[in-house]
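Engineer: Have a look at this one before I ask anything.
The values are calculated or read from the model by the stated rules, or taken from the named source; none is laboratory data. Everything numeric in this text was worked out from a predicted model, so none of it was measured. Don't worry about glycine lacking a Cβ; one is built from the backbone with ideal geometry, like all the others, and counts go over all protein chains shown.
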């Protein structure tokens, strides 16, 4: 069991690092005026507070820093990937989806930010 836990921790750290790197790349693109790589021109309302490239880049870097924290890298916490419903059930905890109706993990967030968009 200790070896399995160590492997799981290493996988969590690797995935968190991968996601953080993607977020930093996105932040750099937004900061450098290359947002159109990720959002079609005309899709962004420039008057919206969060559409300012520097603010958006700052938030992306904040999320990347969260992923680099040891607490975020624990795959059992459901921060990097989806919560393991079976594990919750076996430990006698309530179903996650009975409390959180629309769960989102960092993997989902990064995917939605990097998925190709239709113009």
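Engineer: Of everything in the range 90-111 that's closer than 22 Å to residue 11 by Cβ and assigned to a helix (DSSP H, G or I), which residue is farthest from the chain's Cα centre (by Cα)?
Structural biologist: Residues of the range 90-111 closer than 22 Å to residue 11 by Cβ: 90-91, 96, 103-111.
Still in the list and also assigned to a helix (DSSP H, G or I): 90, 96, 106-111.
Details: 90: 27, 96: 19, 106: 2, 107: 5, 108: 6, 109: 4, 110: 5, 111: 8 Å.
The selected residue is 90.
Engineer: Six or more apart or on different chains, Cβ under 6 Å: which pairs go from a residue in the range 58-72 that's exposed (fewer than 13 other Cβ atoms within 10 Å of the Cβ) to one that's assigned to a helix (DSSP H, G or I)? Could you list them?
Structural biologist: Qualifying pairs under 6 Å: none.
Engineer: Looking at residue 1 and the list (1) within 17 Å of the chain's Cα centre (by Cα); (2) at pLDDT below 85, which single condition is not satisfied?
Structural biologist: (1)
Engineer: Looking at the range 17-33, is at least one residue modelled with pLDDT of 70 or more and part of a loop (DSSP other than H, G, I, E, B)?
Structural biologist: Yes; the residues of the range 17-33 include at least one that is modelled with pLDDT of 70 or more and part of a loop (DSSP other than H, G, I, E, B).
Engineer: Restricting attention to the range 74-81, does a residue exist that is out of contact with any strand residue (DSSP E or B) (no Cβ under 6 Å at 6 or more places or on another chain), surrounded by fewer than 11 Cβ atoms within 10 Å (Cβ to Cβ) and at pLDDT below 85?
Structural biologist: Within the range 74-81, not a single residue is out of contact with any strand residue (DSSP E or B) (no Cβ under 6 Å at 6 or more places or on another chain), surrounded by fewer than 11 Cβ atoms within 10 Å (Cβ to Cβ) and at pLDDT below 85.
Engineer: Now for a separate question. Inside the range 13-31, can you point out the residues that are buried (at least 21 other Cβ atoms within 10 Å of the Cβ) and in contact (Cβ under 8 Å) with a residue 60 or more places away in the chain?
Structural biologist: Within the range 13-31, 16, 19, 23, 26 qualify.
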